[in-house]
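Okay, so here's the structure we're looking at.
What follows is calculated from the coordinates using simple rules that are stated; it is not laboratory data. Just so it is clear, the structure is predicted and the values come from calculations on it, not from any experiment. Heads up, the Cβs are rebuilt from the backbone with ideal geometry, glycines too, and the neighbour counts pull from every protein chain shown.
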Amino acid sequence: MGEPGHEDYEAAERLVREAHARAEEAARAAADAIPPNGWAAPGDSEAADPFPDLALLLRLAESARGAVPPELTRQLADALRELLVAVRAILDHAIVRLEHQAPDEPRVEDIPIT
């Protein structure tokens with residue numbers, strides 16, 4: 001017998017390799033597709049997900065929930081939480097910078113006309 005958790009680690013590695021292979025296959029398929037109108041990307045619409053990468057990560061977490069051990073699921077959830085906290089910190093920083101960059105009132109001076 002190997003070390004404890006080795007089978008779980010191998011299963012997780014296999015899942016990562018499969019996900020990577022599927023992502024590469026999807027990227028090749030998307031690259032082969034001709035965009036409609038010569039410029040629009042496939043799936044472009046007003047209802048498109050504004051954060052597709054984040055949505056993919058969340059879908060991956062949901063699909064992995066039943067396929068991986070609870071400890072690995074918890075680690076993935078913790079990593080996603082940290083990612084969201086970091087995104088929130090970046091947004092908060094950008095908002096503070098925008099608030100402090102409000103234009104000053106224009107300087108007005110009287111010019112006497114003689």
**Study point:** Protection proxy ranking of 59-65, 94-100 - average other beta-carbon atoms within 10 Å, highest first
**Key:** 59-65, 94-100
**Study point:** Whole-Hz ³J(HN,Hα) from phi, Karplus 6.51 cos²θ - 1.76 cosθ + 1.60, for region 6-19, glycine and proline x
**Key:** 5, 5, 4, 5, 4, 5, 5, 4, 4, 4, 5, 4, 5, 5
**Study point:** In Hz, Karplus ³J(HN,Hα) per residue of region 80-90 (6.51, -1.76, 1.60; θ = phi - 60°; x = Gly, Pro)
**Key:** 5, 4, 4, 4, 5, 5, 5, 4, 4, 5, 5
Point to revise | Spacing of the two label points (7 Å from each Cα toward its C-beta) at Ala55 and Glu13, in nm | key: 3.4
Review point. Can you give the extra length, in nm with one decimal, that the chain gains between Ser63 and Ala23 once fully stretched, where that is 0.36 nm per residue apart less the Cα-Cα distance?
Key: 12.9 nm
Review point. Summing Lys, Arg as +1 and Asp, Glu as -1, what charge do residues with Cβ under 12 Å from the Cβ of Arg74 carry, Arg74 excluded?
Key: 0
